[in-house]
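Please read the structure below before turning to the comments.
The values are calculated or read from the model by the stated rules, or taken from the named source; none is laboratory data. What you see is a predicted model; the values in this text were computed from it and never measured. Reconstructed Cβ throughout: ideal geometry from the backbone, glycine too, with neighbour counts over all protein chains shown.
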Amino acid sequence: MQPQIHISKVGKVFSTSGREVVALDDINLEVMPGEFICLLGPSGCGKSTLLNAIAGFSLPTAGSVIVDGRPVQAPGPDRGMVFQEYALFPWMTVEKNIAFGLEIKKQPKARIKEKVSALLEMLNLQDFRDRYPKDLSGGMRQRVAIARVLALDSPILLMDEPFGALDSLTRRNLQDELLRIWTEFRKTIIFVTHSIEESIYLADRIVVMTYRPGTIKKIVSVSMPRQRDPSSVEFNNLKKELALLVMEEQTRHNQNEIKVPAAD
Amino acid sequence: MKNIPARLYASLQGLLLPFVLLAIWQYLSAHAIVNPQILPAPTAVIAKWWEYLLPTEAFDPSRSGYLAWLFSGEMIHDAYASMYRVVVGFLVGTALALPLGLLMGANDRIYKLFNPLIQILRPIPPIAFIPLSILWFGLGNPPAIFLIVIGAFFPVLMNTIAGVRHVDGIYIRAARSLGASQTTMFLRVMLPAATPYILTGARIGIGTAFIVVIVAEMIAVNNGLGYRILEAREFFWSDKIIAGMFTIGLLGLAIDSGMNRLNNYLLKWHRGIESN
Ligand SMILES: Nc1ncnc2c1ncn2[C@@H]1O[C@H](COP(=O)(O)OP(=O)(O)OP(=O)(O)O)[C@@H](O)[C@H]1O
Ligand SMILES: [Mg+2]
């Protein structure tokens with residue numbers, strides 16, 4: 001099988017007011033179709049930057065990202081994006097939010113309706129069809145955001161800390177739901193998180209990143225069968241291993257955060 | 001929901017001050033402490049207002065229908081004339097400002113092209129255009145509506161620009177990743193996202209239009225509420241002046257509550273507004 005996403009020698013330098021920040025350096029990663037990848041690392045290590053490069057929002061300054069044989073140049077509906085802030089359109093009802101991508105594709109009305117109904121049911125949102133996002137809880141909003149990208153049938157889902165703002169119970173719920181969807185539709189998922197537990201619970205492979213410059217520190221494969229038990233010995237051993245890796249980077253992050261104000 | 005006695009109490013409390021002031025006013029006039037030519041009694045004002053509202057001639061079925069007769073009073077005509085100008089001027093002003101504001105907010109080149117001109121014209125109060133508007137359009141509706149268009153145009157324009165510029169980037173990114181074209185982005189993302197600002201602009205715009213219509217009628221037109229209260233001054237009809245002012249206030253209130261309803265309707269999705 002061919003990898004679906006080729007990331008080779010990707011680098012990204014931000015230059016703001018004369019200063020240069022190397023956000024990404026020499027990132028190499030190949031993602032197989034249907035794989036569930038987690039990007040793990042402390043705040044500021046470049047997880048979002050890498051995800052945005054794949055999404056096409058902000059292109060890398062070095063190297064290349066190739067998706068399905070084509071270099072990424074702009075965002076597109078083949079790579080569905082789920083944001084931490086949900087990014088639902090507050091002026092559209094739940095139904096309209098989910099239908100929006102299909103309306104852009106100019107699909108026939110009856111087909112849109114059918115598809116939206118199926119998604120509402122799948123994500124347990126039937127009762128909220130005509131509600132506006134302001135009336136929904138965080139968990140509900142993120143369900144709608146997931147339904148919105150699922151409507152597009154994109155083979156790839158890019159998720160930037162989608163459950164970061166949710167309480168732990170809702171979070172576990174949505175993780176299970178995401179795994180169910182992933183199993184059913186065999187999407188390729190790249191999922192950004194800074195929770196070690198979340199990454200072990202979800203991923204086939206965990207990409208641990210370093211802080212400034214953002215590089216790949218280690219790629220850890222998780223072979224435990226799903227549904228994974230966070231209280232199992234294997235889970236906890238892996239958690240310890242990853243905690244050590246992340247802690248080293250967290251320490252560098254902390255030192256840097258202390259240095260920065262002094263430099264200004 | 002509050003309980004009934006508490007609400008009743010609250011509204012009674014709100015009426016207290018107006019009643020006290022009315023009582024003092026009535027007392028001053030009734031005891032001729034102030035000259036009724038200067039300040040007529042509230043009762044006299046109310047009587048005049050009623051007279052101003054009612055038809056001037058007796059009902060004559062052979063000449064007009066009952067409804068037409070009922071609305072044939074001078075005040076109704078004046079109020080209609082003023083409202084007509086406000087509405088037409090406001091709609092024209094908004095129809096010009098909205099697309100221009102959307103374009104200027106979304107496109108930097110268009111912004112740079114128009115902005116200097118707008119910055120020069122905007123500080124000129126619409127009322128300062130009166131002489132020119134009379135010179136250009138003569139007397140009557142055209143100059144008045146022209147002034148109202150100017151009065152409504154700038155607030156709507158400035159707020160639309162600000163609204164488009166403040167659209168949260170996350171919506172644009174979400175729409176782009178869903179594959180939205182430029183037109184879709186414009187009509188279904190930027191425009192609705194900017195609506196709270198646009199409505200604020202519309203509210204200021206119609207308020208300005210209402211001020212401008214009264215002034216314009218005092219100078220360039222010979223009917224409407226503004227004209228009527230100025231005319232009343234020439235005859236020293238202070239009761240009619242105050243009755244006319246009262247009507248102007250009521251119309252302003254009606255416009256404001258109309259805008260409020262529109263606001264609640266268009267922004268029912270907005271977090272700050274509770275639909276009830
Ligand atoms: N637009 C930008 N301009 C300048 N620097 C930026 C920009 N975006 C990100 N950076 C810098 O690049 C680095 C990586 O940022 P990024 O947002 O990718 O981190 P992250 O891993 O997603 O962090 P978090 O967990 O806080 O979301 C950070 O040091 C950040 O300060
Ligand atoms: Mg991030």
Which of (1) within 29 Å of the chain's Cα centre (by Cα); (2) loosely packed, with under 11 Cβ neighbours inside 10 Å; (3) assigned by TED's automatic domain parsing to the domain that holds B:LEU225 does B:PHE19 not meet, given it meets every other one?
(3)
Would you confirm whether any residue within segment A:103-110 is within 22 Å of the chain's Cα centre (by Cα), in a loop (DSSP other than H, G, I, E, B) and either within 14 Å of another protein chain (Cβ to nearest Cβ) or surrounded by fewer than 16 Cβ atoms within 10 Å (Cβ to Cβ) (or both)?
no
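For A:PHE89, state whether it is within 15 Å of ligand 1 (Cβ to nearest atom) and aromatic (Phe, Trp, Tyr). Show your work before the answer.
Details: within 15 Å of ligand 1 (Cβ to nearest atom): no; aromatic (Phe, Trp, Tyr): yes.
So A:PHE89 does not fit the description; no.
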Pairs, please: C-beta under 6 Å, at least 6 apart or cross-chain, first residue more than 14 Å from chain B (Cβ to nearest Cβ) and in contact (Cβ under 8 Å) with a residue 12 or more places away in the chain and in segment A:151-173, second aromatic (Phe, Trp, Tyr) and within 16 Å of ligand 1 (Cβ to nearest atom)?
A:ARG171/A:PHE163
For segment A:170-184, indicate whether the set of residues that are among the hydroxyl-bearing types (Ser, Thr, Tyr) and closer than 28 Å to A:ARG141 by Cβ is non-empty.
yes
Has segment B:92-113 got at least one residue that is outside any helix (DSSP H, G or I), farther than 30 Å from B:LYS48 by Cβ and either assigned by TED's automatic domain parsing to the domain that holds B:ILE242 or without any contact (Cβ under 8 Å) to a residue 60 or more places away in the chain (or both)?
yes
Among the listed residues A:ARG172, A:ARG212, which satisfies the condition of being of a type in the set (Lys, Arg) and within 16 Å of ligand 1 (Cβ to nearest atom)?
A:ARG212
Which residues, taken from segment B:158-181, are within 13 Å of chain A (Cβ to nearest Cβ) and in contact (Cβ under 8 Å) with a residue 12 or more places away in the chain?
B:GLY163, B:VAL167, B:ASP168, B:TYR171, B:ILE172, B:ALA175
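Yes/no matrix, rows are residues, columns are (1) touching a residue at least 40 places away in the same chain (Cβ under 8 Å); (2) of a type in the set (Lys, Arg); (3) touching a Pro at 6+ places or on another chain (Cβ under 8 Å):
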| residue | (1), (2), (3) |
| --- | --- |
| B:ILE242 | yes, no, yes |
| B:GLY249 | no, no, no |
| B:TYR265 | no, no, no |
| B:ARG271 | no, yes, yes |
Please specify each residue of segment A:54-102 satisfying the condition of being of a type in the set (A, V, I, L, M), in contact (Cβ under 8 Å) with a residue 40 or more places away in the chain and more than 10 Å from chain B (Cβ to nearest Cβ).
A:ILE54, A:ALA62, A:VAL65, A:ILE66, A:VAL67, A:VAL94, A:ILE98, A:ALA99
Out of all the residues in segment A:11-49, which are part of a strand (DSSP E or B), surrounded by 18 or more Cβ atoms within 10 Å (Cβ to Cβ) and within 16 Å of ligand 2 (Cβ to nearest atom)?
A:LYS12, A:ALA23, A:LEU24, A:ILE27, A:ILE37, A:CYS38, A:LEU39, A:LEU40
Only unsatisfied item for A:VAL10, checking (1) modelled with pLDDT under 95; (2) farther than 18 Å from A:SER154 by Cβ; (3) away from chain B (no Cβ under 14 Å); (4) more than 10 Å from ligand 1 (Cβ to nearest atom), is (1)
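Condition check ((1) more than 16 Å from ligand 2 (Cβ to nearest atom); (2) assigned to a loop (DSSP other than H, G, I, E, B); (3) within 14 Å of chain B (Cβ to nearest Cβ)) across all residues:
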residue	(1), (2), (3)
A:THR183	yes, no, no
A:ILE189	yes, no, no
A:GLU198	no, no, no
A:ILE206	yes, no, no
A:ARG212	no, yes, no
A:VAL220	yes, no, no
Only one of (1) free of Cβ contacts under 8 Å to residues at least 40 places away in the same chain; (2) closer than 24 Å to A:ASP153 by Cβ; (3) within 16 Å of ligand 2 (Cβ to nearest atom); (4) not basic (Lys, Arg) does not apply to A:GLN2, and that is (3)
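How many residues does segment B:182-203 hold that are among the charged types (D, E, K, R) and more than 12 Å from chain A (Cβ to nearest Cβ)? So that I can check it myself, show each step before the final result.
Initially, segment B:182-203 is screened for residues among the charged types (D, E, K, R), giving B:188, B:203.
Narrowing further to those that are more than 12 Å from chain A (Cβ to nearest Cβ): B:203.
Number of matching residues: 1.
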Output yes when any residue across segment A:118-139 is touching a residue at least 60 places away in the same chain (Cβ under 8 Å) and buried (at least 18 other Cβ atoms within 10 Å of the Cβ), and no when none is.
no
